[in-house]
């Protein structure tokens, strides 16, 4: 039997609103293709997508004014580091000195090609893209070390984290000034719609299913649990950063 979906209720009520919006955007997009493969989740999936779209629209309306000079500076830094990493990997892929470099560069270029347009994404999407790119690149630590890219990838991770922390802080302040009413209500609706989708999927685990449906069910559960895990890690990291700032401890950047 597949593992059920779990651990999301507390997470969605505790993460910052910017993270909540991005979580639902990614989750709704990832769940949608399974609605046609798994009988019983189409209606709930469509409702979840609609609630997510309304939440995203309201969030974008309320947060346009947070695009400050300070955010632009941090965004430019991570853009510059991203382009530097991509260009260096492109160079090594085009001019490898031996078979080892050719194989290593091929692995890394496959990843950077996937996220190549990250600097052209909006703030939220770019943050998510870069987080995933760093994670994927770090799966090939030996290849990064071969080209002297380890410190540069670590630098990008720090810059992306710095941007995300400031973005969430600015969003939170703006949200508080506006009273949070509509945005908080829409986030609650998206949370509820997501919960309904998860409950239906978990319920299907107890039913006799054909092979194709079982495969699709395993895939969507893996996707959702991966999403929950990713945002749980992000939440804990940000909570740790907040504690360090509050107590006056500094991150050594390692």
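Please go through (1) surrounded by fewer than 16 Cβ atoms within 10 Å (Cβ to Cβ); (2) within 23 Å of residue 231 (Cβ to Cβ); (3) modelled with pLDDT of 95 or more for residue 82 and return the number of the only condition it doesn't satisfy.
It is condition (1) that residue 82 fails.
Out of the residues in the range 159-184 that are buried (at least 17 other Cβ atoms within 10 Å of the Cβ) and at pLDDT 90 or above, state the one that is nearest to residue 58 (Cα to Cα).
163
Being surrounded by fewer than 16 Cβ atoms within 10 Å (Cβ to Cβ), modelled with pLDDT under 75 and either out of contact with any strand residue (DSSP E or B) (no Cβ under 7 Å at 6 or more places or on another chain) or part of a loop (DSSP other than H, G, I, E, B) (or both) narrows it down to one residue among 151, 254; which is it?
Numbers: 151 fails: modelled with pLDDT under 75.
Every option except 254 fails the conditions.
Within the range 1-26, how many residues turn out to be touching a helix residue (DSSP H, G or I) at 6+ places or on another chain (Cβ under 9 Å) and under 26 Å from residue 216 (Cα atoms)?
Going through the range 1-26, the residues touching a helix residue (DSSP H, G or I) at 6+ places or on another chain (Cβ under 9 Å) turn out to be 2-9, 11-26.
Next cut, under 26 Å from residue 216 (Cα atoms) only: 2-9, 11-12, 20-26.
Number satisfying all stated conditions: 17.
Taking residue 52, is it assigned to a helix (DSSP H, G or I) and outside the structural domain of residue 187 (by TED's automatic domain parsing)? Let's see the steps before the verdict.
Details: assigned to a helix (DSSP H, G or I): yes; outside the structural domain of residue 187 (by TED's automatic domain parsing): no.
So residue 52 does not fit the description; no.
What's the number of the only condition in (1) surrounded by fewer than 19 Cβ atoms within 10 Å (Cβ to Cβ); (2) outside the structural domain of residue 118 (by TED's automatic domain parsing) that residue 24 fails to meet?
(1) is the only condition that residue 24 fails.
Considering only the range 111-126, state which residues are under 14 Å from residue 81 (Cβ atoms) and in a helix (DSSP H, G or I).
112, 118, 119, 126
Does at least one position in the range 58-69 carry a residue that is surrounded by 19 or more Cβ atoms within 10 Å (Cβ to Cβ) and within 19 Å of residue 132 (Cβ to Cβ)?
No: zero hits.
(1) farther than 28 Å from residue 223 by Cα; (2) outside any helix (DSSP H, G or I); (3) not assigned by TED's automatic domain parsing to the domain that holds residue 125: which one isn't true of residue 96, the others all being true?
Condition not satisfied by residue 96: (3).
Return yes when residue 129 is free of Cβ contacts under 8 Å to residues at least 40 places away in the same chain, under 22 Å from residue 57 (Cβ atoms) and assigned to a helix (DSSP H, G or I) and no when it is not. Talk me through it step by step, then tell me what you get.
Details: free of Cβ contacts under 8 Å to residues at least 40 places away in the same chain: yes; under 22 Å from residue 57 (Cβ atoms): yes; assigned to a helix (DSSP H, G or I): yes.
Judged against the criteria, residue 129 is a match.
The values are calculated or read from the model by the stated rules, or taken from the named source; none is laboratory data. Given the structure is predicted, the values throughout are model-derived calculations rather than measurements. No Cβ is skipped: glycine too gets one built from the backbone with ideal geometry, and neighbour counts run over all protein chains shown.
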